[in-house]
1. Please state the relative contact order of the chain as a whole percent: Cα pairs under 8 Å, 6+ residues apart?
2. At residue 162 and residue 345, where each label point lies 7 Å from the Cα along Cα→Cβ, what is the point-to-point distance in nanometres?
3. Give me the percent relative contact order of the range 265-373, please, defined on Cα pairs under 8 angstrom at least 6 residues apart.
4. For residue 47 and residue 79, compute 0.36 nm times the residue count separating them, minus their Cα-Cα distance, and round to one decimal in nm.
5. Under a Cβ-Cβ limit of 4.7 Å, which cysteines in the chain have nobody to pair with?
6. Between residue 132 and residue 271, what length in nm is gained on full extension when 0.36 nm per residue of separation is reduced by their alpha carbon distance?
7. Just grab the label-to-label distance for residue 218 and residue 316, each label 7 Å out from Cα along the Cβ direction, in nm (one decimal).
8. Let's test the formula: R0 of 35 Å, r as the Cβ-Cβ distance of residue 245 and residue 193. What FRET efficiency results, to the nearest 0.05?
Amino acid sequence: MSADIDNVQPMQFYRPDYHIKTPDMRSPEYVQMSTAAAITLGLIPGKMHRTACTHCLNLLVTYPEGCRANCAYCGLARHREEARDYADRNFIRVDWPTVRFSDVIARVQAGADRGQFQRMCISMITHPNSDADTIILLQQWMAALPQIPVSILSNPTTMEKADLIELRRLGAEIFTVALDAATPTLFERTRGKSVDSPHRWEKYWQAIEWASEVFGPERFGVHLIGGLGETEQEILSICQRIKTMGGHNHMFAFYPEQGSLMEDWPAVPHDQWRRIQLARFIIDYAGGTIQNMIFNTFGQVIDFGLPTARLAEIIHSGKPFQTSGCPGSDDTEISACNRPYGDSSPSDILSFPFTLNALDVEFVKNQMINKPL
Ligand code: SF4
């Protein structure tokens, strides 16, 4: 069915800042979408610094009762219930407006994104309906827009292997596990019993192993947050483990979400973050390994294990410092999911949602060696 733009009804767009969320605004009929995706679809006015769009339609399942987990750093966590209405809570720094899924499909079919979306992603949460509704959303998308591949940002706590097999059978291209924390201790302390949250390290790794089996090489990955208290060596060891299994690593700089249990935790230091970005890229895309890297006693990278000229070439490309995520149709090393300002502000960019220019690369190089600006 092709819908032309002129006959598409103006979208019933519920802006959280002046709309009380009603119990019927829940998935699978409704989803939340990232602000960048809403701007790209022309649903909300707005400009993003130095980038006109996102190439990934990031969607989030939504229920008025919210996520049942309680991760210490997350904007959607249960502990933020008192602070803000679920629909009103920001997630990875930005607002996620609520929209009717059928309207989203109609607008994309009508070309409202001007062909910018190279991927759609369904982010699950910890909720009794999340698994079943994710299946319904995927089926509806594959029936309407199979040409735009789908990633699933999963919630392993409520999933079994059969769920992954079904998602793969229905057309999901990439399966990702938001591991986030790089060590069992940090995972437990930020997502487990310590914060009265149901997630378990072992279950998350079981889901990663299932994903490597069911989805296969290059078709699964993890989210990792730099700055939760891990060393560079610890987070890069996870990157190497995922790469060796055939997957990819999608990095986020820790950002202290207001109202979260970690709102007073310091943002990740620039030099640490830049070294993590560079080393992750070398492991994921430049044939390097952690075995060839050298770390000091603080677990900081002091040698990236590549010849100087090759290292300079990679840094000069700027690619390691761009947002890392699921690929688009252009360059597999570059993420379609550029999540504009999802982990930092335009005045202090940590993950660049656009190609770096020479000045940006100089800026990043200075940060990496902690040279005062
Ligand atoms: S990197 Fe982006 S598209 Fe891929 S799973 Fe994560 S949020 Fe979704």
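1. Numbers: 718 pairs, mean separation 58.5, N = 373.
Across the chain, relative contact order equals 16 percent.
2. Inter-label distance under the simple model: 4.9 nm.
3. On the way: 130 pairs, mean separation 27.8, N = 109.
About 25 percent, as a whole number.
4. Working: separation 32, 0.36 × 32 = 11.52 nm, distance 3.17 nm.
Taking 0.36 nm per residue and subtracting the Cα distance, the gain is 8.4 nm.
5. Those would be 53, 67, 121, 239, 326, since no other cysteine Cβ in the chain comes under 4.7 Å of theirs.
6. 45.8 nm
7. 2.7
8. Values: r = 27 Å, r/R0 = 0.78.
Working from the Cβ atoms, E equals 0.80.
Values in this text are rule-based calculations from the coordinates and carry no lab data. Predicted model, so just to flag it, every value in this text is computed and none were measured. Please note: Cβ atoms are built from the backbone with ideal geometry, for glycine as well, and neighbour counts cover all protein chains shown.
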